[in-house]
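Structure first, commentary second.
The values are calculated or read from the model by the stated rules, or taken from the named source; none is laboratory data. Predicted model only: the values in this text are computed from it and were never measured. FYI the Cβ positions are ideal-geometry reconstructions off the backbone, even for glycines, and counts take in every protein chain you see. Ligands, DNA and RNA are excluded from the accessible area calculation, which covers all protein heavy atoms including side chains. Shrake-Rupley method; radii C 1.70, N 1.55, O 1.52, S 1.80 Å.
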Amino acid sequence: QVQLVESGGGLVQPGGSLKLSCAASVSIFSISSMDWYRQAPGKERELVATIIPRGGNTNYADSVKDRFTISRDNAKNTVYLQMNSLKPEDTAVYYCRARRLPSNYYWGQGTQVTVSS
């Protein structure tokens, strides 16, 4: 089992920044990939960013590329999502997900991000 705890959400003005954290209960080296998803009201959950903990490879949705950065701290078993130049359309609940091969998925409880003036 893998437990994930997200933190760092909040209210920010357009153009501002937030940094989300996802702390795992196990070594992230035991996890094959970690993702950030988000879900806005009335919309489907969408993949925002992915990181491979061992190699550090990353991937981003087009809507956040060049604004968001996913990273990890292996010593803290934590994955981060640095969000810059935030827009109102980034408003959503952000979830962390871990995958263990072959097909075991674990979700955090989510953290609310609201971008509004």
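Would you check if there is a residue in the stretch 70-81 being assigned to a loop (DSSP other than H, G, I, E, B) and loosely packed, with under 14 Cβ neighbours inside 10 Å? Checked against the condition, which is being assigned to a loop (DSSP other than H, G, I, E, B) and loosely packed, with under 14 Cβ neighbours inside 10 Å, the stretch 70-81 yields no hits at all. So, of the residues in the stretch 83-100 that are among the basic types (Lys, Arg) and within 15 Å of Leu47 (Cβ to Cβ), which turns out to be most open to solvent (accessible area, probe 1.4 Å)? Checking each candidate, the answer is Arg99. A count restricted to the stretch 33-56 and to residues that are open to solvent by less than 20 Å² (accessible area, probe 1.4 Å) and among the basic types (Lys, Arg) stands at 1.
Determine whether the stretch 14-21 contains at least one residue that is of a type in the set (A, V, I, L, M), touching a strand residue (DSSP E or B) at 6+ places or on another chain (Cβ under 7 Å), more than 16 Å from Arg97 (Cβ to Cβ) and in a strand (DSSP E or B). Yes: the stretch 14-21 contains one or more residues that are of a type in the set (A, V, I, L, M), touching a strand residue (DSSP E or B) at 6+ places or on another chain (Cβ under 7 Å), more than 16 Å from Arg97 (Cβ to Cβ) and in a strand (DSSP E or B).
All conditions but one from (1) in contact (Cβ under 8 Å) with a residue 24 or more places away in the chain; (2) in contact with a strand residue (DSSP E or B) (Cβ under 6 Å, 6 or more places away or on another chain); (3) open to solvent by 50 Å² or more (accessible area, probe 1.4 Å); (4) closer than 20 Å to Gln1 by Cβ apply to Tyr105; the one that does not is (1).
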